[in-house]
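Everything on this sheet refers to the single structure shown next.
Only the coordinates and a few stated rules stand behind these numbers; no lab work does. Quick caveat: nothing in here was measured; it's all calculated off a predicted structure. Cβ: placed from backbone, ideal geometry, glycine included. Neighbour counts: every protein chain shown.
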Amino acid sequence: MGQEQKLLKKGEFFFIYDADSALLLEDKTKRGLNVIERSIDERFGVEAEKGMIYDMDGIGHKVGIRWRFPKSEFSFDDVLKKAIDMEEQYRKIREMTCPD
């Protein structure tokens, strides 16, 4: 992640850091992945660090690990909403795959 960032918010599946001119949203479920590229993420339209995960057929898929939201364009509340939406998606997946 480079330089030290200040943790602003922690969720079950995410962290939000203050990274000087940007707010950094990190997906906790992807933390162990190696960064293979930095590019613009189609979903959020911001720079993202991406890694590779493989499905059961051995096919690789690039996935976002962390996203940089410029403070000049996004407020903390904007990023928090994206993080909460991501967290809700993970909860739905967990409920479908691991019912009580």
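Net charge dipole, the chain: roughly 160 debye, given to the nearest 20, about the Cα centre with Cβ charges of +1 for Lys and Arg and -1 for Asp and Glu.
Between 0 and 90 degrees, the angle of helix 76-97 with respect to the longest Cα principal axis of the chain falls at about 10 degrees.
Using the alpha carbons alone, the radius of gyration of the chain stands to its Kirkwood radius in an Rg to Rh ratio of 0.98. Ignoring lysines fewer than eight residues from Lys10 along the same chain, the ones with Cα atoms less than 21 angstrom from its Cα are Lys28, Lys30, Lys50, Lys71, Lys81, Lys82, Lys92. Relative contact order for the chain: 23 percent, from Cα pairs under 8 Å spaced at least 6 residues apart, divided by residue count.
Once Rg and the Kirkwood radius are both taken over the C-alpha atoms of region 1-56, their ratio Rg/Rh works out to 0.97. Here's the list of aspartates and glutamates a cross-link from Lys9 could span, going by alpha-carbon distance under 15 Å and ignoring same-chain residues fewer than 8 apart: Asp18, Glu26, Asp27, Asp77, Asp78, Asp85, Glu87. Using R0 = 30 Å, the C-beta based FRET efficiency linking Asp57 and Leu33 works out to 0.95. Candidates Ile84, His61, Phe15 compared by Cα position along the dipole of region 6-97: farthest toward the positive end lies Phe15, with charges placed on Cβ.
The calculated FRET efficiency for the pair Lys71 and Glu12, based on their C-beta separation and a Förster distance of 22 Å, comes to about 0.35.
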